[in-house]
1. Can you give the convex hull volume of the alpha carbon atoms of the stretch B:296-416 per residue, in Å³?
2. Could you give the distance between the Cα centres of the stretch B:479-499 and the stretch A:119-153, to the whole Å?
3. Given a 1.4 angstrom probe, what's the average accessible area per residue across chain B, in square angstrom?
4. For B:T176, what residues show an amide H to amide H distance below 5 Å, using hydrogens built from the backbone and excluding near sequence neighbours?
5. In Å², nearest 100, what accessible area do chains B and A bury in total when the solvent probe is 1.4 Å?
6. Taking every pair of alpha-carbon atoms in the stretch B:179-229, what share in percent sits in each 10 Å bin, from 0 to the bin with the longest distance?
7. FRET efficiency for B:L546 and B:S334, Cβ-Cβ distance as r, R0 = 25 Å, nearest 0.05?
8. Mind putting together the pair-distance distribution for the stretch B:55-262? All Cα pairs, 5 Å bins, whole percent per bin, short to long.
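The values are calculated or read from the model by the stated rules, or taken from the named source; none is laboratory data. This is a predicted model, so every value here is computed, not measured. For neighbour counting, all protein chains shown are included, and Cβ atoms are generated from backbone atoms with ideal geometry for every residue, glycine included. For the accessible areas, the whole protein counts, side chains as well, though only heavy atoms, and no ligand, DNA or RNA atoms are used. Shrake-Rupley method; radii C 1.70, N 1.55, O 1.52, S 1.80 Å.
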Amino acid sequence: MALISRLLCAGVLSGLAACGPLGQGATSSTLKTVAESILSGEAAANAQPAPQPALTRAAIEAADADLLLVSLVSRGSVDLLSPVSTRPGAVTWISSDGVSVSLRDGMVVATRASGFDLMGADTDAARRSLTTGGGSHSRRYDVLTGLDQIETDTYQCDMAFDKAETITIVERDFATRKFRETCENDRVNFTNLYWVTSNGQIVQTRQFVSIGLGYLVYQRL
Amino acid sequence: MSAFTKSFALTHLAACVVLASPAVADDDWRATYSLFGTPGIIDMPTAVAPKDGEISATIGGFGTTQRATFSFQLLPRLSGNFRYSYIDTFDRSFDAQYQLAYEGDIRPAIAIGLRDFLGTGRYSSEYIVATKTIGSDLRVTGGIGWGRLGSVGGFTNPLGVIDAGFETRPDDSVSTGGTILSGQFFRGDAAFFGGVEWRVNDEWTLLAEYSSDAYTREERLIGFERTSPLNFGVTWEPDDWVQLGGYYAYGNQIGLSATFVIDPTEPATDSGFGPAPLPVAVRGENVIAAASWATPSEQATGVDILGQVLATDGFRLLGAEVQGTSLRVRYENSKFRAESQAIGRVARILTQAAPQNIDTFVLEPSRRGIALSSVTLSRGDLERLENTAGASDRIYERALFADAAGPDPAITYETENAAFLWGVYPYLELSLFDGEQPVRGDVGIEATFQYELRPNIVAAGTFRQRIGGNRDEIGSIGVSTLPDIRRSGLRYGAESGNGIENLFVAWYGRPGRDLYSRVSVGYLERNFGGISTEVLWKPTTSRLALGAELNYVAQRDFDLGFGFRPSCLNSDCTDTSDDIYDVLSGHVSAYYDFENGFQAQVDVGRYLAGDWGATFALDREFDNGWKVGAYFTLTDVPFEDFGEGSFDKGIRLEIPLDWALGTPTRDTSSANLQSLARDGGARLSVDGRLYNIVRDGHPSQMQDNWGRFWR
């Protein structure tokens, strides 16, 4: 039940009004509002008492911004994220409680405020393997240690097609090809999963973030 | 479909695939902590070294013997311990152990140790010990001990073959304690000791040992009866941070111990829970910022918005200035412990707020109104590197560090409500481990204020009202030939229970390149008021800093009012000197920040009793802000005049609170275990000395925590 209340309390649909204008060329006075909503978590505070909308396709279509449904598996958290920043090839999404996830072409390249953040990652080779239908590649992950040092972990990975699968994301069916990426180094091994549509977009995925955090799962709504 | 079903679907998706369990099995068998709080079995030491940097506190005892021990693994091979115990009286002791050899496939770990090597030496002993792990769950230890550890089954000292002098153990202590007992090390009879530890499972360990300590002193003075050299015990480790022990000792005693372990390298969370930073905005792509700040009014508006945005992330903008394609920003970070993290966040805010024709950001972090350094970053680097692997190293390589002694930026930014700050808090003041009372403490209410005349000129004060405690139970700290600098410290505020702790004005300045200055005037601390002046030379890229301090102060009245007093000539202060006690004191200081995390400080000068001497301090600082250190002061006051402890010395510990909380804060919690505060070697306790303020904003310090730049 905690999951539902978390999701509903997030109430990001109503909070989006504050976050929306950034990245759409509005005037600089909105910058402060946006910064406030990101840095102080005020969006969450404001949004909580608001009516709690159900997550329906109609609500999603009505929203001003794109939405990402994200779960941190080890925490059992589920949250709706909206974009705060779009830059060439990368989008940073932020949750109502101030956790951000940055995606480059659908691949997780950074998190912030999760407690065990991925500070930055090289995922271009992995994305190429996914686009070309499989292959071997390496990934590089920067994590912050408890001593404030950046530790760069390199993983050797294999990407392979798993099966064709039709999945449903909030009342809409997607015909996808499911891929499985297995990665390892001498300490850790993990398996990322991708559900990719025919135009190459990742609509659902599970990706490794860090040892402390484990996997992140998201759906594009 | 409802939110419920969708969220369920998502978590179902997450759960239905096998989860990675990436953590490596950590099969290190950590040290068992003995009743002495050191790696050992029950009373006997082992050669096992705790993890580098580990800190532990042990409370344990049997019968009337009670020991509280604070331990620190100073270096991978070197342990240090401070102990406060009740033997026949309260006693302080220091131990050190050095691991000569790590455990190999065949070779055991070998260590040499000194127990109670300083002071009165009631536990004085030395040992060489070897420990071997057999299989995965059995550890066997054997050693040879001298002093107390050579008092059961003792034999003539084998070191006698080197020099017959080793065969007798002299009493090397001085009546006031506190000195190193090197004259008796490894002298007198020697004896063997040993024991085994058997790990039953991850939580339980069984212990047995043969103790070579006869407890002669206890038998003689407190009627302790030792009937067996064999001790048995069990430890329970329900979690990584705690170890509980139960013992059957010396044939008739039941003992208990509890050890709490902290690893400074493991914070609440590695990267912290503070809010995500504002992401980098890339120019030309949906940027909110103006194309340029062409006119003065556009600049003024731009700086105003920048100030407001910086404030939302906890920064205070002091001023900003556009010069060509460069934007210089002077600001104060009162929120993030790591100045590097603040620089990273301010820089990202600038990518959002700075006009698009700006290519270069010059950041000038400031504290107490003075700029500490200037860090020049390329906007293009920020745009390109964000969220890439290796971004932290690359931005550091490209950053330019310099002095920031230049003038204030052209456009100043006034923060509303910054001028007057106040607060009322509860306080707890503890003094630990003095000669009579293990703990003295007061609780009460503290009211504090700060009024800013300029960002670098601040008036501040603190008033305290005691509610309860025993700090006013004035002990009989013996008089000495010195003026009562600190020995009568408990009298302050004792009668009224309240008073002005401090009330002063401090002025900070940048007299020139690489130079920093401070002048503080007023009631500077509980015991003294007057004027304190300081100047510090610290080039931004230098690991060496030099400072000079000159103070003229007078001794404050015991009522903590506005008056001053003469010094006391007898123990209850009914007889005083004729004039108010005033003194000119000062020091020249050298600070060196070693690259391996150690930091040394030497102060040479005149102390508050008019004595001349030097203070030596060495701290180990972890990159995440933890500090553990020790210091001592030697002056021309003879040990017998100084009184108990012979000279001033202590151990200090500073814990960054963001380590414990996981959320950003510059606050720290510190503890100081020092010998009895007396009159020789006492320094003025003035707020806001320059070095620690300046150093945090210099690259030598910032590079230690630069990993936080992108956080």
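1. Dividing the Cα hull volume of the stretch B:296-416 by its residues yields 104 Å³.
2. Taking the Cα centre of each part, the stretch B:479-499 and the stretch A:119-153 sit 62 Å apart.
3. Numbers: 28610 Å² over 711 residues.
Value returned for chain B: 40 Å² of accessible area per residue.
4. none
5. Working: alone 31490 and 11180 Å², together 36980 Å².
Chains B and A together bury roughly 5700 Å² of accessible area.
6. 18, 29, 34, 17, 2
7. Numbers: r = 28 Å, r/R0 = 1.11.
Result of the calculation: an efficiency of 0.35.
8. 1, 7, 12, 17, 23, 19, 12, 5, 2, 0, 0
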